[in-house]
Amino acid sequence: MFTDLFFLDHLSDEGEFPPIISLNDDELTDKDDVYPEELPILALKNTVLYPGVVLPITIGRDKSIEAVKAAYDSSKFIAVLSQKDLKNEDPLADDLYHLGSIARIIKLLRMPDGSTTAILQGRARCNLRKLTKETPFLKGIFDVVAEEEVESDMELDAIMSSIKDQSRRIIELSPQIPSEASAMLENMTNISYLINFIASNLNLSITQKQEILEMTPLRDKGKLVLKHLGAQLQLVELRSKIENKARVDIEKQQRDYFLNQQLKTIQEELGQNPQQAEINELALRGKKKKWPTYAYEHFVKELNKIKRINPQVAEYSVTLNYLDVLLDLPWDAYTKDNFDLKRARKVLDRDHYGLDKVKERIIEHLAVLKLKGDMKSPIICLVGPPGVGKTSLGKSIAKALKRKFVRMSLGGLHDESEIRGHRKTYIGAMPGRIIKSLKKSGSSNPVFILDEIDKIGKDFRGDPSSALLEVLDPEQNGTFYDNYLELEYDLSKVLFVATANSLNSIQPALLDRMEIIHISGYSTEEKVRIAQKHLVPQQRKEHGLKANQVSLPKSVIIRLIQDYTRESGVRGLSRQIAGVMRRAAKMIAMDEASKVTISTDMIEDILGPTKYSFDKYHKLKVPGVAIGLAWTQVGGDVLYIEASLHKGKGKLTLTGNLGDVMKESATTALSYIRAHADTFKIDENLFEQYDIHIHVPEGAIPKDGPSAGITMMTALTSAFRNLPLKPYIAMTGEITLRGQVLPVGGIKEKVLAAKRMGIKKIILCAENEKNVRQIPLDYIKDIEFLYVDRMEEVIKHALG
């Protein structure tokens, strides 16, 4: 708005020209003007002429030139109407707004470039009554539209004052508008012409300007102009704020640059140069460091590069950080392994009970290292349920070998760059977590735990498990490439130990690179020993108690295991022991006792009612209920399968959130029973007269796998014969349509789960006998194992 207010510039009737207004209100009155009834018409494209406003127009169209010349040669009055469609080069009456302004042609100028410029002054509003002529120019009959005559009052004065104030503010914020514009506004006393002048200069569309022209009530017109003026002021204020902020930022940068240059000059005069001192220190550290030749050559190259970089440039700090990382990495720094195999075994046994397979594998590796002197480290993957000590075993291995220990959690990792690092050209780039962990450990041969490797994610940022293929391949990890380092790093001496709860979610290529060691859950006896040897002393220490202040008998620990936990590991047991220790600490702290001996009677008062019970199903003599054994990611569990019959047409219904394999087992079991109904003494009519419903409780938990096959068949046979199963008996095995019983996995976990639930007999496939032999006899001495090959044998053992 108000841009170049007092300067005439070339503008055709297709563009908008800065309006001008006379400062003498007497010159603006149209009372003495006599207008011809018929007037030539000038069509304007990009603007609207208001009464009292002076507008220079450079005329380009032939019709417009003819109309202006005809008006100038006669009465000097011409009707100025605005076009509706700006693209129309030959507008007629329907293409023009009918309400416009009668203008007086003040002057007609011939410009040096041959064009014609007319200076028009709006005199009064007019309305086109009829178009009388279309060629060689438009001409029509007009009615003069009178302005509203109002006496000045407080509302009008307020509107006028607000318009002036906001206009003055816009002039102050716009450096391109001359300061004389403010004085011009102050001299305007006629509100009608003030509104017209401001409306002409506002940056509005033709439609909005025409709306203001067509309004007769002065107050409404003033309020509308004030609204548009307010919006314009907000825009100008925002633009001014942005420009000032940008100016301040530039000035600050310039100031910082000059100060830095002055500081640099002063330091040079004093013989000081911190950047050079920093580079010299890096060079000295590089010479003293023990590292491969290729790494040192690359370091020298980057060091020479940083000498040529201006310290004010961002690349200087990036290169400096990169050199620091190179120097901090333990390139050829190795800790010396402890080859005292007996001591190493003693350390492993002291920290963990059981886990003989893992301990044996570590001792074997140490033995080969002792004999050979050099060997690529094995890549071990410990698979087992939560809480059995997979992660803590890594610390024990590091302690036994006298190596540094590093742990890296892979759970929920999605970005491949977390493994390989980012290229150093990116802002905030850093090495991958493998290199960062080695830098932190200060050794190139630590024990490196890759925790929860089965829980790595995968999305658009890449697949971290694919990046681990290079890390965990003994043939490749000697030349591991990190994107940030841009150098090869030797990981072959690192002893990687991965942990997982399940192998199902690990991709096959990664699984193939690791030596899998399965860690089974603990039996009650093992848990008791672990609690006595590790958990109780640990929790006692964490709660500030001494050995002579609290005592937990074996009977109490057994009750905690049987009644308050249902797990393969000992994490839940540790929490329950912590609850008991808190009660003991409270009693001693409040001087209620000097020594606390926990009894089985106190447990319910401390931990609440018993959470688990053995007598859930196996004491109920109900036909159609069989007990199966299942393997889950958290260890073995007992599975109850219910079958019932009701009047119908032989339809089979399966419920309990079962997977496809389990549903197929149920269908196979039913088909086999129907085919051998005589063998099992079942009336064949039952299959046509009754619907069968099989349900596995705890429907919120998904269940799948073939090992419930014989359990489902036993439950169906029990339901059809209306005979309950023998008590305290459980089973697991896959079935075929020929009635064979096939072996299944997870036998140790399943057997331990059965023992926890008080099962006394377990039916297994004969081929699973070899798995049972691997379980220590102490853990299964109270369980009778019944080995079978056919379903007929299962039914005989289960139903009699």
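The values are calculated or read from the model by the stated rules, or taken from the named source; none is laboratory data. All of these numbers come straight from a predicted model, not from anything done at the bench. Virtual Cβ from ideal backbone geometry, glycine too; neighbours counted across all protein chains shown. Accessible surface areas use protein heavy atoms only, side chains included; no ligands, DNA or RNA. Shrake-Rupley method; radii C 1.70, N 1.55, O 1.52, S 1.80 Å.
Quickly run through region 375-393 and pick out the residues that are open to solvent by less than 20 Å² (accessible area, probe 1.4 Å), more than 15 Å from Asp454 (Cβ to Cβ) and under 31 Å from the mean Cα position of the chain (by Cα).
Gly387
Could you say whether any residue in region 228-239 is in a helix (DSSP H, G or I), in contact with a strand residue (DSSP E or B) (Cβ under 9 Å, 6 or more places away or on another chain), open to solvent by less than 20 Å² (accessible area, probe 1.4 Å) and not β-branched (Val, Ile, Thr)?
Here is the first cut: in region 228-239, the ones in a helix (DSSP H, G or I) are 228-239.
Okay, now just the ones that are also in contact with a strand residue (DSSP E or B) (Cβ under 9 Å, 6 or more places away or on another chain), so none.
No: region 228-239 contains no residue that is in a helix (DSSP H, G or I), in contact with a strand residue (DSSP E or B) (Cβ under 9 Å, 6 or more places away or on another chain), open to solvent by less than 20 Å² (accessible area, probe 1.4 Å) and not β-branched (Val, Ile, Thr).
Does Ser396 satisfy being small (Gly, Ala, Ser), surrounded by 19 or more Cβ atoms within 10 Å (Cβ to Cβ) and assigned to a loop (DSSP other than H, G, I, E, B)? Talk me through it step by step, then tell me what you get.
Numbers: small (Gly, Ala, Ser): yes; surrounded by 19 or more Cβ atoms within 10 Å (Cβ to Cβ): yes; assigned to a loop (DSSP other than H, G, I, E, B): no.
No: the conditions fail for Ser396.
Within region 440-456, count every residue that is in a helix (DSSP H, G or I) and open to solvent by 10 Å² or more (accessible area, probe 1.4 Å). If you could, list the steps in order and put the result at the bottom.
Of all residues in region 440-456, those in a helix (DSSP H, G or I) come to 440-441, 453-455.
Still in the list and also open to solvent by 10 Å² or more (accessible area, probe 1.4 Å): 440-441, 454-455.
Selection size over region 440-456: 4.
Could you count how many residues in region 401-414 are buried (at least 18 other Cβ atoms within 10 Å of the Cβ) and in a loop (DSSP other than H, G, I, E, B)?
4
Conditions first: (1) under 44 Å from the mean Cα position of the chain (by Cα); (2) part of a helix (DSSP H, G or I); (3) within 23 Å of Ala754 (Cα to Cα). Gly569 passes all but one, so which condition is the exception?
For Gly569, the exception is condition (2).
I need the strands (runs of 3 or more DSSP E) fully contained in region 681-800, keeping only those with at least 3 residues that are under 52 Å from the mean Cα position of the chain (by Cα) and of a type outside the set (A, V, I, L, M).
Values: elements: 690-695, 729-731, 761-765, 784-788.
In region 681-800, the matching strands (runs of 3 or more DSSP E) lie at 690-695.
Please enumerate the residues belonging to region 717-762 that are open to solvent by less than 10 Å² (accessible area, probe 1.4 Å), of a type outside the set (A, V, I, L, M) and out of contact with any Asp or Glu (no Cβ under 9 Å at 6 or more places or on another chain).
Result: Thr717, Ser718, Thr732, Gly733.
Just need a number here: residues in region 155-177 that are farther than 14 Å from Leu226 by Cα, open to solvent by less than 30 Å² (accessible area, probe 1.4 Å) and not small (Gly, Ala, Ser).
Kept after step one, since they are farther than 14 Å from Leu226 by Cα, are these residues of region 155-177: 171-177.
Okay, now just the ones that are also open to solvent by less than 30 Å² (accessible area, probe 1.4 Å), so 171, 174, 177.
Now restrict to residues that are not small (Gly, Ala, Ser): 171, 177.
Matching residues across region 155-177 total 2.
Can Leu487 be described as touching a residue at least 12 places away in the same chain (Cβ under 8 Å) and either crowded, with 21+ Cβ neighbours inside 10 Å or under 24 Å from Arg361 (Cα atoms) (or both)? Steps first, please.
Numbers: touching a residue at least 12 places away in the same chain (Cβ under 8 Å): yes; either crowded, with 21+ Cβ neighbours inside 10 Å or under 24 Å from Arg361 (Cα atoms) (or both): no.
Spelling it out, it is not the case that Leu487 is touching a residue at least 12 places away in the same chain (Cβ under 8 Å) and either crowded, with 21+ Cβ neighbours inside 10 Å or under 24 Å from Arg361 (Cα atoms) (or both).
Would you call Phe687 open to solvent by less than 50 Å² (accessible area, probe 1.4 Å), closer than 23 Å to Ile762 by Cα and among the hydrophobic types (A, V, I, L, M, F, W, C)?
Values: open to solvent by less than 50 Å² (accessible area, probe 1.4 Å): yes; closer than 23 Å to Ile762 by Cα: no; among the hydrophobic types (A, V, I, L, M, F, W, C): yes.
Answer is no for this residue.
Tell me which residues, restricted to region 178-214, are open to solvent by 10 Å² or more (accessible area, probe 1.4 Å) and part of a loop (DSSP other than H, G, I, E, B).
Matches in region 178-214: Pro178, Ser179, Asn187, Met188, Thr189, Asn190, Asn203, Leu204, Ser205.
Suppose we filter region 310-365 for residues that are at pLDDT below 85, of a type in the set (Gly, Ala, Ser) and farther than 30 Å from Lys748 by Cβ; how many remain?
Total satisfying the criteria: 2.
Results for (1) in contact with a His (Cβ under 6 Å, 6 or more places away or on another chain); (2) of a type in the set (A, V, I, L, M); (3) within 27 Å of Ala344 (Cβ to Cβ); (4) modelled with pLDDT of 85 or more, shown as yes or no for each residue.
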position: Phe405; (1), (2), (3), (4): no, no, yes, yes
position: Glu416; (1), (2), (3), (4): no, no, no, no
position: Tyr426; (1), (2), (3), (4): no, no, no, no
position: Ile435; (1), (2), (3), (4): no, yes, no, yes
position: Ser444; (1), (2), (3), (4): no, no, yes, yes
position: Asp463; (1), (2), (3), (4): no, no, no, no
position: Leu485; (1), (2), (3), (4): no, yes, no, yes
